[in-house]
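Reviewing the structure listed below.
The values are calculated or read from the model by the stated rules, or taken from the named source; none is laboratory data. Keep in mind that this is a model prediction, so the values were computed, not measured. Note: ideal-geometry Cβ built from the backbone for every residue, glycine included; neighbour counts use all protein chains shown. Surface areas here come from the heavy atoms of the whole protein model, side chains and all, with no ligands, DNA or RNA. Shrake-Rupley method; radii C 1.70, N 1.55, O 1.52, S 1.80 Å.
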Amino acid sequence: MSEQHVVDVPIYVALDVENRRQAFELLEKLGDACRYVKVGLELYLAEGPALVEALVARELSVFLDLKLFDIPNTVAGAVKSVASLGVDMLTIHTLGGATMLEAAAEAASSRALHALSGKPLRLLGVTLLTSVDDAGIRQMGLSDDPLSAHVLRLAGTAHDAALHGVVCSGHEVAMVKTRYPALSALVPGIRLGGESKDDQARVVTPGYAVAHGADYLVVGRPITRAPDPHEALLAFLQNLKGGSQDV
């Protein structure tokens, strides 16, 4: 793991709160150490595009985690709507299939959208949620192949559709990056070790994720629910700087 790669890997703090007031209160606690934020379904549905525009106006890099999954035309339209907000990254679900992913990628690559937002919209294909384990795969009615095989297959679909990258756990990131080095990898389920996994089934430390190829990290409750969110974020950043590769 090179020092340069560590420096370049941002930690997106998940603003998994109920409303705008709580989001900005949390940002005040995090201070200048936080330049990257994730907005998920809960907050986006509560506050809508105006909240995202306010975050972009504060010069924060915004990752909009909506996991779009619908017919190709609907997803393409949603991508166009999101691109106008000025966010940096958006998730769509790879289980939606190749045609849906290709429609999304085509929408995101529109020159007109780039001109409107001033920057490209990077699409990330969600493979399998980090809350899913092998038992969950069977409950979903998928084949009895190992979970890692499903992740690699879905990453291949994202690659062939020309997406910017994928979302996968730290346990699969090395495998994905080895097979598809052109794909960027965003890894959620990040913990420092010794913390509660909450509802996550597959977790790793920041250092481990980056050592195995992660390009972006997402951290939520270990930071946002800490007694001092600012100090908690600094601890995660220090773990990266220290180069620890413990899982």
Next item on the list: With a ≥ b ≥ c taken as the square roots of the eigenvalues of the C-alpha gyration tensor of the range 1-71, please select rounded if a/c is under 1.5 and otherwise prolate if a/b is larger than b/c or oblate if it is not?
Entry: oblate
Check: Hey, can you rank 64-70, 216-222 by average C-beta count inside 10 Å, highest first?
Finding: 216-222, 64-70
Notebook entry, point to check: Cα-Cα over 25 Å: which of LYS67/LYS177; LYS38/LYS119; LYS119/LYS241; LYS67/LYS119; LYS67/LYS241?
Noted result: LYS119/LYS241; LYS67/LYS241
Next item on the list: Please calculate how many Å² of accessible area the range 1-94 carries per residue, with a 1.4 Å probe and no DNA, RNA or ligand atoms counted.
Entry: 45 Å²
Notebook entry, point to check: Can you give the Rg to Rh ratio for the range 6-118, taking only C-alpha atoms and Rh from Kirkwood?
Noted result: 0.99
Check: Given charges of +1 on the Cβ of Lys and Arg and -1 on the Cβ of Asp and Glu, with all other atoms neutral, how large is the dipole of the range 21-106 about its Cα centre, in debye to the nearest 20?
Finding: 80 debye
Check: What's the FRET efficiency of LEU237 with ALA162 using the Cβ-Cβ distance as r and R₀ = 30 Å, to the nearest 0.05?
Finding: 0.40
